[in-house]
1. With the checklist (1) over 20 Å from residue 23 (Cα atoms); (2) under 18 Å from the mean Cα position of the chain (by Cα); (3) charged (D, E, K, R); (4) surrounded by 15 or more Cβ atoms within 10 Å (Cβ to Cβ) in hand, flag the one item residue 75 doesn't pass.
2. Need the failing condition index for residue 167 against (1) modelled with pLDDT of 95 or more; (2) not in a strand (DSSP E or B), just the number.
3. Would you check if residue 150 is closer than 19 Å to residue 195 by Cα, exposed (fewer than 14 other Cβ atoms within 10 Å of the Cβ) and in contact with an Asp or Glu (Cβ under 9 Å, 6 or more places away or on another chain)?
4. Could you tell me how many of the residues in the range 1-27 are surrounded by fewer than 23 Cβ atoms within 10 Å (Cβ to Cβ) and touching a His at 6+ places or on another chain (Cβ under 8 Å)?
5. Please go through the range 257-284 and pick out each residue that is of a type in the set (Gly, Ala, Ser) and under 17 Å from residue 4 (Cα atoms).
6. Given the options 88, 105, name the one that is of a type in the set (A, V, I, L, M, F, W, C), surrounded by fewer than 20 Cβ atoms within 10 Å (Cβ to Cβ) and either farther than 26 Å from residue 193 by Cβ or without any contact (Cβ under 8 Å) to a residue 12 or more places away in the chain (or both).
7. Only one residue in 217, 225 is at pLDDT below 95 and assigned by TED's automatic domain parsing to the domain that holds residue 160, so which one is that?
8. Go through the range 112-132 and report how many residues are surrounded by 19 or more Cβ atoms within 10 Å (Cβ to Cβ) and part of a strand (DSSP E or B).
Amino acid sequence: MIYNLIILGAGPGGMTAAIYAARRKLKFLIVSLDVGGQMSWSSEVANYPGTTHSTGIELTKNFQEHLKEYNIKVKQEEIIKLSKKGKICIVKTKKNVYQSKAVIIASGKSPRKLNVPGEDKFVGKGVNYCATCDAPFYKNKVVAVVGGGNAGLEAVLFLAKYAKKVYLLELNLKLGGEPYLKDKVLQNKKIAVITGAKTTEIIGDNYVAGLKYEQAGKEKTLNVGGVFVEVGLVTKADFTDVKKNKWGEIMIFRSTKTNEENMTSVPGIFAAGDVTDIPAKQIVVAAGESCKAALAAFDYIYRFDKTHDGK
């Protein structure tokens, strides 16, 4: 079977593209290992139009309800490779191989790892990458967040609602992030900020019991029951060879021949949202960009059908 369109990713971008594809009554798939993407990690969403106050999980559920209106189901499979054979796009997952006339990449970004001893060993056993997802499991416990910036500040503030004590380990000598978030963190008596701290190891037996870090040339240990890693994100685009920038983000442009938006360096492959080189990384931007990519893909498919027999 050759689909009209395959959408890779089920965050706000991928789900938006899927809704548009369903309304066009296309034969399409949406493939993603998870649903919601980074949107589901947000502890608070107050800047999505029509939503004055929500959480990322609540907004994700709203998107999913919209998918149900069109009977759209996400194939939860890990994407291994995206390539082209002639005019046909080939999507390989760990379970299947799919073919389509066009593809929209909306795979977003994933958490960057610390790459220290003990991190992989304790994933799911005290090492976490999503405070909004896992904070309730640490009620009245002592936890640590590794990484400053807005993500780290938001994580400690959210964790402080549940945990007994939260440590924030910042590699730099000064705490970064938005001033209003820093003020909230510094005023919260549950939160202790440790600057100039380089995490070197996560320790424990069957579960996280602490972490080691270096500060001013001395090794120190914190006794914590959980570690939340907030050291940035990496683009989820290693499955494709389309042109990328130095940060691994997919480069998109507007075609001078067809006026189609969100094109990649490979005809028939479009991209949208945080996986691309657009500077604004926002939920509303990912949704809008994916709408543009979907409309461009529809035009491409229309021209494909006029000039090819689909085989």
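The values are calculated or read from the model by the stated rules, or taken from the named source; none is laboratory data. Fair warning: this is a prediction, and the values are worked out from it, not measured in the lab. A quick note on method: Cβ atoms are made from the backbone with ideal geometry, for glycine too, and the neighbour counts reach across all protein chains shown.
1. Just one mismatch for residue 75, condition (1).
2. So the condition that residue 167 fails would be (2).
3. yes
4. Result for the range 1-27: 1.
5. Matches in the range 257-284: 268, 271.
6. Values: 105 fails: surrounded by fewer than 20 Cβ atoms within 10 Å (Cβ to Cβ).
Answer to the check: 88.
7. Result: 217 is the single residue among 217, 225 that is at pLDDT below 95 and assigned by TED's automatic domain parsing to the domain that holds residue 160.
8. Count: 2.
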